[in-house]
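Working notes for the structure below.
A short reminder: the numbers here are calculations on the coordinates, not readings from a lab. All values reported here derive from a predicted model rather than from experimental measurement. All Cβ positions, glycine included, derive from the backbone under ideal geometry; neighbour counts span all protein chains shown.
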Amino acid sequence: MRRIALVTLVVDDYDEAVRHYTEALGFRLVEDAPRPDGSRWVVVQAGDEGTGLLLARAKGEQQRARIGDQTGGRVGFFLYTDDFARDHARMLAAGVTFLEEPRHEPYGSVAVFQDLYGNRWDLLQPAG
């Protein structure tokens, strides 16, 4: 079996990113281990299985320039839910910034939000 296990998300600060993803977005911290070079291996995941996010602190100006704009302003991440209204309300209460009102499309209920750094995400409950 093959699958994408992790996607790297460049962040400014490990602890700040962990707080945002676990508290505001409801992810779980899977791993947070120090590395010999002073960096950390930090993985968060939206559910009990599926692709995780490797939160990687930016090194150097080129990586710092990518924080919050890893996809050139496009929605780059998709958070699926089985209860849009519940998660939308919880995220709003936690201070998550939504860039639009919820929409109901043929493919499901969706709203674009941004993470702590400005990366755009879809909160999406698929139709059916």
Give the percent of DSSP beta bridges with both residues in the chain that are antiparallel, rounded to the nearest 5.
-> 65
With a point put 7 Å past each Cα toward its Cβ, work out how far Glu49 is from Glu101 in nm, to one decimal.
-> 3.8
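Hey, what's the per residue convex hull volume over the C-alpha atoms of segment 1-65, in cubic angstrom?
102
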Using only alpha carbon positions, build the gyration tensor of segment 64-116, then give the equivalent ellipsoid semi-axes as the square roots of 5 times its eigenvalues, largest first, whole angstrom.
-> 22, 14, 9
